[in-house]
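Visitor: Let me begin by handing over the structure; questions about it come next.
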Amino acid sequence: MTVQEVILTAATELGFKDDIAKFFAGEDASEATKKKAELLLDCFNLVENEVALDYLPLYAEDDVYTETGAVLYETLSRSVVRVLRVADEWGNPAQFTLFPDRLQVQPGKLKIAYTYTPEKKDMSDESDFRAQVSTRLLAYGVATEYTLATGLYEESAVWDKKYKDAIAAAYHARPSVRMRSRRWA
């Protein structure tokens, strides 16, 4: 899903889709519409980050090579939040130690799995969320933040409930392991 899709959905929900659609098409370049679109973009970045950090983490895996055993976080492809596992080139678990700026592990080829925070997006970018988060969920979050930012607190409470309900639905839709209950004679 694109950032524009989320912002258009949020604008539709908030009741000013036509203004934003004209802005994206280049037909409306008024300062008020531009500010509205920029505020919606800021709200999108805030919501995407919040969902990734607090509710539905984003996962990444990088293959790295180290001669010294030190892997700087900045050398990984994404902004690391939490390292989940480290494995050698054959998939065997490797012991590691976390430091503020690096990961200390055995030298060699490694596979590092971690959660990350999304980078700040522009209007033309794609969201980091693919399957588990819908356009509507992010649009509800954008609507919540937009109404808070513009001082519409009662309306924001309504959007916040929809947003939290959508998060709960997405969270419960994730696959889980269920054990059947046992029956005793």
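The values are calculated or read from the model by the stated rules, or taken from the named source; none is laboratory data. Here the structure is a predicted model, which means the values were calculated and not measured. Positions of Cβ are backbone-derived with ideal geometry, glycine not excepted, and every protein chain shown enters the neighbour counts.
Visitor: Kindly evaluate Asp18 against the criterion of being closer than 19 Å to Ile167 by Cβ, free of Cβ contacts under 8 Å to residues at least 12 places away in the same chain and not hydrophobic (A, V, I, L, M, F, W, C).
Guide: For Asp18, the condition - closer than 19 Å to Ile167 by Cβ, free of Cβ contacts under 8 Å to residues at least 12 places away in the same chain and not hydrophobic (A, V, I, L, M, F, W, C) - is not met.
Visitor: With Ala25, Ala10 as the choices, which residue is hydrophobic (A, V, I, L, M, F, W, C), closer than 26 Å to Leu138 by Cβ, without any contact (Cβ under 8 Å) to a residue 12 or more places away in the chain and out of contact with any Lys or Arg (no Cβ under 8 Å at 6 or more places or on another chain)?
Guide: On inspection, the qualifying residue turns out to be Ala25.
Visitor: What single numbered condition from (1) more than 24 Å from the chain's Cα centre (by Cα); (2) farther than 30 Å from Ile20 by Cβ fails to hold for Val86?
Guide: (1)
Visitor: Any idea which of (1) free of Cβ contacts under 8 Å to residues at least 24 places away in the same chain; (2) surrounded by 17 or more Cβ atoms within 10 Å (Cβ to Cβ); (3) not aliphatic (A, V, I, L, M) is the one Thr147 doesn't satisfy?
Guide: Here Thr147 clears every test but (1).
Visitor: Can you tell me which of (1) more than 24 Å from Met1 (Cβ to Cβ); (2) among the hydrophobic types (A, V, I, L, M, F, W, C); (3) not assigned by TED's automatic domain parsing to the domain that holds Leu103 is the one Val64 doesn't meet?
Guide: Failing condition for Val64: (3).
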